Amino acid sequence: MKRFVYINDDSCQDSYCDNRISNRKYTLLNFLPKNLWEQFRRFMNQYFLLIACLQLWSLITPVNPASTWGPLIIIFAVSASKEAWDDYNRYLLDKQANEKEVWVVKNGVRKHIQAQDIRVGSIVWLRENDEVPCDLVLIGTSEPLGICYVETAALDGETDLKTRVIPPTCVGLDSEQLHKIKGVIECPNPDKDIRRFDANMRLFPPFIDNDLCPLTINNTLLQSCYLRYTEWACGVAVYTGNETKLGMSRGIPEPKLTAVDAMIDKLTGAIFLFQIVVVIVLGFAGNVWKDTEARKQWYVLYPNEGPWYELLVIPLRFELLCSIMIPISLKVSLDLVKSVYAKFIDWDEEMLDQETDTPSHAANTAISEDLGQVEYILTDKTGTLTENRMIFRRCCINGTFYGNESGDALKDVEMLNAVASNDTHVIRFLTVMALCNTVMPVKSNSGTISYKAQSQDEDALVNAAARLHMVLISKNGNTVEINYNGSIVQFEMLDILEFTSDRKRMSVVVKDCHSGKIFLLSKGADEATLPCSIPGQQIRTYIDAVEQYAQLGLRTLVLGWRELQEDEYREWSRMFKEANSTLVDREWKIAEVCQRLELDLEILGVTAIEDRLQEGVPETIEILRQAGINFWMLTGDKQSTAIQVALQCNFISSEPKGQLLFINGKTEDEVARSLERVLLTMRITSSEPKDLAFVVDGWALEIILKQYKEAFTELAILSRTAICCRVTPSQKAQLVELLKSCDYRTLAIGDGGNDVRMIQQADIGVGISGREGLQAARAADYRIGKFRFLKRLILVHGRYSYNRTAFLSQYSFYKSLLICFIQILFSFFSGISGTSLFNSVSLMAYNVFYTSIPVMASILDKDLSEKTVMQHPQILIYCQAGRLINPSTFAGWFGRSLYHALVVFLISIHAYADEKSEMEELSMVALSGCIWLQAFVVMLEMNSFTLLQFLAIWGNFVAFYVINFIVSNIPSAGMYTIMFRLCRQPSYWITMVLIVAVGMGPVLALKYFRYTYRPSAINILQQAERIRGPIYSLGNLESQLKSVEKDVASLSLNQPKNRNSVYEPLLSDSPTATRRSIGPSTFDLFQSTQSRLSSSYLRNCKNN
Amino acid sequence: MNCIVDSDIGSSSSSGDAAVALTRKPRRPKYSKFTQQELPACKPILNPQWVISVFTLIGIVFVPIGVASLLASNGVVEIVDQYETACVPRNMTNDKVAYIQNADIDKTCTRLIKVPRDMHQPIYVYYQLDNFYQNHRRYVKSRNDAQLRNSKEANETRYCDPERTTEDGSPIVPCGLIAWSFFNDTYRFTRGDQKLTVNKKGISWKSDRDHKFGKNVYPKNFQNGTLIGGGKLNADIPLNEQEDLIVWMRIAALPIFRKLYGKIELDLKENDTILVTLKNNYNTYIFNGKKKLVLSTTSWLGGKNDFLGLAYLTVGGLCFFLAVAFTLVYMIKSRKLGDPSDLSWNRDSSGADYELFRDFTSSIDS
């Protein structure tokens, strides 16, 4: 399928959509039906609606229908207005984008129109720093060479500037002509591939020729990019509106459902089934009783002939009676507490980025408890783990190491001396650093020079050269000026042999304008550059240097140069031009030609660049891995860099402890074999305490995801760590999808626009509001300032949220079941006729006030202090494995509610038997029993009491009596005077105390027994924490970790999947003995002095 | 020549902290102990001392209360006389229903009861019905409080099905099954020659008389239908003075219940013989319901009911037992609380790692 775009032709532009962007979910008209439809897709809501409708039938309703309708309407209104508000905000954002003014050529005249009115085929004019409003094919720029610079950060997350060129056929058109240009562009239908654009363009006469001109992605300006350092540019709109590449790749974010939500739904389903069973059994029994007994009970006056539905009446009554088994308030309470969890994240001072003063933010308020259940973290590299700032650190020139002592070659005295004394090697080295790149120097008005580089590495090199007095001043066309120690040297840039990921090196050919000599300057990866050196040159030092730097996690480049003979260059230049103009296999041919020139290089030295890790990254990864979370690194960067960074931040370990398994290959067969091999190794070694990680690149991944998904899935399950390099945004999303399909909870963290899809796809998306703009942060569920906040987000907020929700939801079921069981028990004493023991007011208030408020206090509950959790991240397993809310814990609560119902009911009916057996009184006795019990249950289940919790629990208890005293004062109420009457009876209070003692005694005894003799890890830590207090502070530990981190480059982490075989003596008897295994569990360090000792010992080992 | 060189931001971050702290921007969330989840909290743990003392305390409190409750219950003198079978004439024991439904048979019946112990006034007279479901769904609902309260609302017979109106459509006051099935056995007591007056004033709740049953609401069309349920009402007495009805209409929650019939305001002596003349009108024979006449004194805890006393003694005893058991277990199998070596990830540590660790430390020592 093709699309033909006629340039500047109004007649045929209606066949495509206009440039209106729409992210809205609803319109004004379809809001109500669509929203209701969506809400009613939830099973719970359908159920409540059914119940509410049934209650309208007065024959069967035990209570006033308002008690169900009221809450139901409130619930619906609340969620509908929330949706409406969100959609309205989306609408405002769209509107802002759509109404932006842009310059468009109409009928040969440039006009200002709104962005939404751009049509396919329109010529759009952009100025410097304008945002590209839709996908354009570039046809003209202000630059003489027909290039322009764009920043694509919003699209792919890469911050460096990209050059875009106008197609050859448009070269040389002036702006007058550009107004009148006509032609046709043949391009594919809209897709989301931001790296490919295979199209042709043909201009109509009188414009030059009507040859077909091929277009590539390099000829396009895509929506949401920014035009930089170019005065103006213009292009033809080819894709507009939601059909742009950005629009197509914008996935519709599905509402996320947490694992706890899913579990609650499951439990609700189980309760529902139970309820159906109860209803059927009781309904049947009720009908039997009615036919055998009730007909004899003459005072009931059953008619002999009932209506046709008579058999249904009793079951339906029980259905309504039991409908409170599923607490209607659950969803409201959960929404409420979840928004408080989110607020706690927003408020957290410790997750405030001090540098930029950015607080963390929870954009999605509904999924906090999922944070505590994360099993896989998929992380971007650049900007997420690293700071995305490359800094030149060390170098090795002609066998001399600079910067080894101070850690910064720029401050190394030897280096400065060498520069000062005009050491030829050093000067050549610096010349290559300054010249061999595609950096653009930009001179500001004040005369300072800043550099715009496509690659951060080049940026670092040029900046470093400048600091060493080799300043790149300007690039004008082919002339390059360098200022060395105050004297200006001019070079003519003859050719650029560009960097490709296959060649792994780049070179430039320059001519010294002064001497007329021609040089080839090269830089590249060691494995690509060293083989090209002059035979016989001692390259051993350089290999050592590269190795040493790599060990330190620095990115290395080898620099080399060669003087070219005039005729040799001329010969080669001809071939190069030829290769450049071929249409078939162009890239391969160019590589081949380059190869012919890049040989016999004189190796000048090795540079080492640091992409600093963000502060606290290794510790964070370490702690989270101890918590049993698996890490995958998905990066668009190249393999070697990815591996280096991975090594640096504890991601993987170097050789003896860890092993990297590479999956590579160019063809399907190769990839398949490679995958097979890796899988085999993985299976064999999975039992060994070895840190295995597999490495796969984007190309192989594409083949694998298409053909060998099953094998890869198995691999994904076996492997705790993976590094995927050169992956595209959609591959990132696919990997997330793959892990999700294995039922893992995934968290994706990233900072750039290229992470957006992964972030949206994952169960939890975390965006780092970093240097690559806010793209990712905007799409994410959580926004944090630094990677290191992730550990607090997960271990503190995620864990507490999970614990609290687990308690709150199960407790809600407990209290609903409790009251429901009492009703069921009562029905055995009321002729199985479906009488409600409690009146409507009590039933409604029971759910809405009496039991909801104290449990809200659980949002402040902390089972363990934050410090303890940070020291024992393994405790997260309780959340991860869902041990606090699952069918078996739920069975416990179920049993408890049954037991408590029996206690309350049996004690009530025995204490209030015979002459006291009055309906209203008994009902209030039973209800008070429930209230007393639940206050004590909440007390017992809470782990920490703040004043607020105390107030909520006992304040609510008092409120129960106050409310009932008030209701007892209303003469028309059914329970007029009942509460006063009861409170005057000693037997009432004695009964209450008895209910509490019988109800709570066994619970307390059992809990005590478990707590003391079968403690869970949480209990042990609680005891440890409260008896002895924290043994050592966290800061202490972190600094210790850090010091070890610096010296021991090859830390490895040995934690096989079963998560329990790490030896970790956590707390020792004396508080000074800070014994702790650090990461690899190989290096257990005693006390700080010993730790220092051991690290220096290790360093010595290495140096030897 | 000046040029901008990327400065090392990372290393300056620590010094940057201080600077930022000085110039706080309003974006920063306001600090409070609540927002930081750092409210001071008390964190009790279930340590043995605490748990054992709680159980001991419960035991100490419960046993005396149990004893007191039992004593109170034992102090109550209660006479129960089941009469529904005994009051059926010999010749009709096979067909009790026919007996009770035959209006021609005189239902008067005499019972002799003996007072086991001295009974002090007031002595409450109850009737007890067994197997009578006042709490049945159809029955409970079948009344209209508005009608009972207010004479103007006589037509308000909602919920009163199936006893709403007479056949000609005029409303029944009081309507509904509850009133319709009004209990109508009567009792008279004589001790020797002395007639024991049964005071029927004030047997109902005052709140009911004052607010639930209107003083100008008179029975109307009551028990006029073809199907007669229970007792009839004197149409000249307002509802709030029909105390038997008021008592009856306080629904009993359980199928066995007692309702107050009246009070005898005389002391009864041990071995007194009391002659009860009763009218056995109420039909419980169809559903095999029992009818009992109960004379009882009362205590601070109510009538005779051993349940609370026994339950308190049992619970108190059990708590003592648990306290002792926990103490024993605590002493025999004492366990250090909060021992980190119990943590699962410490317990199952792999030996190999430990070996490595030992080697390593020893190499340092040497």
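The values are calculated or read from the model by the stated rules, or taken from the named source; none is laboratory data. Just so it is clear, the model here is predicted, and its values are computed rather than measured. Cβ: placed from backbone, ideal geometry, glycine included. Neighbour counts: every protein chain shown.
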| In the list B:68, B:72, B:41, which residue meets the criterion of being facing another protein chain (nearest Cβ under 10 Å), under 29 Å from residue A:857 (Cβ atoms) and either crowded, with 17+ Cβ neighbours inside 10 Å or modelled with pLDDT of 95 or more (or both)? | B:41
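May I ask you to list the residues in region A:515-533 that are exposed (fewer than 14 other Cβ atoms within 10 Å of the Cβ) and modelled with pLDDT under 85?
Of region A:515-533, the ones exposed (fewer than 14 other Cβ atoms within 10 Å of the Cβ) are A:515-517, A:527, A:531.
A:527, A:531 - these are the residues of region A:515-533 that are exposed (fewer than 14 other Cβ atoms within 10 Å of the Cβ) and modelled with pLDDT under 85.
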| query | Within region A:530-554, how many residues are farther than 15 Å from residue A:608 by Cα and not in a helix (DSSP H, G or I)? | reply | 7
| So which residues in region B:201-214 are more than 14 Å from every other protein chain (Cβ to nearest Cβ) and not small (Gly, Ala, Ser), if there are any at all? | B:201
| message | Checking the structure you have, find out if any residue of region B:181-200 is buried (at least 21 other Cβ atoms within 10 Å of the Cβ), closer than 25 Å to residue B:100 by Cβ and small (Gly, Ala, Ser). | response | yes
| message | Among the residues that make up region A:494-505, is at least one of them crowded, with 20+ Cβ neighbours inside 10 Å, closer than 26 Å to residue A:468 by Cβ, touching an Asp or Glu at 6+ places or on another chain (Cβ under 6 Å) and not basic (Lys, Arg)? | response | no
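Out of the residues in region B:253-270 that are hydrophobic (A, V, I, L, M, F, W, C), within 14 Å of another protein chain (Cβ to nearest Cβ) and not in a loop (DSSP other than H, G, I, E, B), state the one that is nearest to residue A:916 (Cα to Cα).
B:257
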| query | Got a number for residues in region B:210-263 being modelled with pLDDT of 90 or more and basic (Lys, Arg)? | reply | 4
| From the list B:56, B:93, which residue is more than 10 Å from every other protein chain (Cβ to nearest Cβ), within 30 Å of residue B:275 (Cβ to Cβ) and β-branched (Val, Ile, Thr)? | B:93
| request: Tell me which of these residue A:935 doesn't satisfy, since it passes every other one: (1) within 12 Å of another protein chain (Cβ to nearest Cβ); (2) under 20 Å from residue B:43 (Cα atoms); (3) among the small types (Gly, Ala, Ser). | output: (1)
| task | Name every residue in region A:829-867 that is within 21 Å of residue A:72 (Cβ to Cβ) and not in a helix (DSSP H, G or I), in order of residue number. | result | A:836, A:838, A:839, A:851
| task | Pick out the one residue from A:593, A:546, A:584 that is within 27 Å of residue A:648 (Cβ to Cβ) and either modelled with pLDDT under 85 or β-branched (Val, Ile, Thr) (or both). | result | A:546
| query | Residues of region A:690-710 being assigned to a strand (DSSP E or B) and either farther than 14 Å from residue A:670 by Cβ or over 22 Å from the mean Cα position of the chain (by Cα) (or both), which ones? | reply | A:691, A:692, A:693, A:694, A:695
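Please pick out the residue among A:430, A:378, A:371 that is more than 39 Å from the chain's Cα centre (by Cα) and of a type in the set (A, V, I, L, M, F, W, C).
Working: A:378 fails: more than 39 Å from the chain's Cα centre (by Cα); A:371 fails: more than 39 Å from the chain's Cα centre (by Cα).
Exactly one of A:430, A:378, A:371 is more than 39 Å from the chain's Cα centre (by Cα) and of a type in the set (A, V, I, L, M, F, W, C), namely A:430.
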| query | List the pairs whose first member sits in region A:121-146 and is under 16 Å from residue A:165 (Cα atoms), whose second member is part of a loop (DSSP other than H, G, I, E, B) and among the acidic types (Asp, Glu), and whose Cβ atoms are under 7 Å apart, counting only residues at least 6 apart or on separate chains? | reply | A:128/A:231; A:142/A:231
| Just checking, how many residues over region A:951-982 are touching a residue at least 40 places away in the same chain (Cβ under 8 Å), within 14 Å of chain B (Cβ to nearest Cβ) and among the polar types (S, T, N, Q)? | 0
| Inter-residue pairs, beta-carbon under 6 Å, first farther than 12 Å from residue B:47 by Cα and in region A:1011-1023, second part of a helix (DSSP H, G or I) and of a type in the set (A, V, I, L, M), 6+ apart | A:1017/A:875
| task | List the helices (runs of 4 or more DSSP H) that sit entirely inside region A:736-828 and contain at least 1 residues that are of a type in the set (Ser, Thr, Tyr) and over 30 Å from residue A:718 (Cβ atoms). | result | A:799-828
| Quick one: would you say residue A:355 is crowded, with 24+ Cβ neighbours inside 10 Å and either among the hydroxyl-bearing types (Ser, Thr, Tyr) or at the interface with chain B (Cβ under 9 Å from one of its Cβ atoms) (or both)? | no
| Which condition number does residue A:661 fail, the rest of (1) part of a helix (DSSP H, G or I); (2) under 27 Å from the mean Cα position of the chain (by Cα); (3) among the hydrophobic types (A, V, I, L, M, F, W, C) being met? | (1)
| Within region A:828-849, can one find any residue that is free of Cβ contacts under 8 Å to residues at least 40 places away in the same chain, small (Gly, Ala, Ser) and buried (at least 22 other Cβ atoms within 10 Å of the Cβ)? | yes
| request: Return yes or no: is residue B:225 within 14 Å of chain A (Cβ to nearest Cβ), part of a loop (DSSP other than H, G, I, E, B), in contact with a Leu (Cβ under 9 Å, 6 or more places away or on another chain) and over 29 Å from residue A:925 (Cα atoms)? | output: no
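One line per residue, one yes/no per condition, for (1) closer than 30 Å to residue A:840 by Cβ; (2) within 24 Å of the chain's Cα centre (by Cα); (3) crowded, with 17+ Cβ neighbours inside 10 Å; (4) modelled with pLDDT under 90:
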| position | (1), (2), (3), (4) |
| --- | --- |
| B:96 | no, no, yes, yes |
| B:104 | no, no, no, yes |
| B:116 | no, no, no, no |
| B:119 | no, no, yes, no |
| B:126 | no, yes, yes, no |
| B:148 | yes, no, yes, yes |
| B:157 | yes, no, yes, yes |
| B:160 | yes, no, yes, yes |
| B:178 | yes, yes, yes, no |
| field | Residue check for residue A:885: part of a loop (DSSP other than H, G, I, E, B) and either surrounded by 20 or more Cβ atoms within 10 Å (Cβ to Cβ) or more than 9 Å from chain B (Cβ to nearest Cβ) (or both) | value | yes
| message | Tell me the residue from B:246, B:237, B:274 that is more than 10 Å from chain A (Cβ to nearest Cβ) and free of Cβ contacts under 8 Å to residues at least 24 places away in the same chain, please. | response | B:237
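Does residue B:332 meet the test of being surrounded by 15 or more Cβ atoms within 10 Å (Cβ to Cβ), hydrophobic (A, V, I, L, M, F, W, C) and either in contact (Cβ under 8 Å) with a residue 12 or more places away in the chain or more than 10 Å from every other protein chain (Cβ to nearest Cβ) (or both)? Full working, then the answer.
On the way: surrounded by 15 or more Cβ atoms within 10 Å (Cβ to Cβ): no; hydrophobic (A, V, I, L, M, F, W, C): yes; either in contact (Cβ under 8 Å) with a residue 12 or more places away in the chain or more than 10 Å from every other protein chain (Cβ to nearest Cβ) (or both): yes.
Criteria not met by residue B:332.
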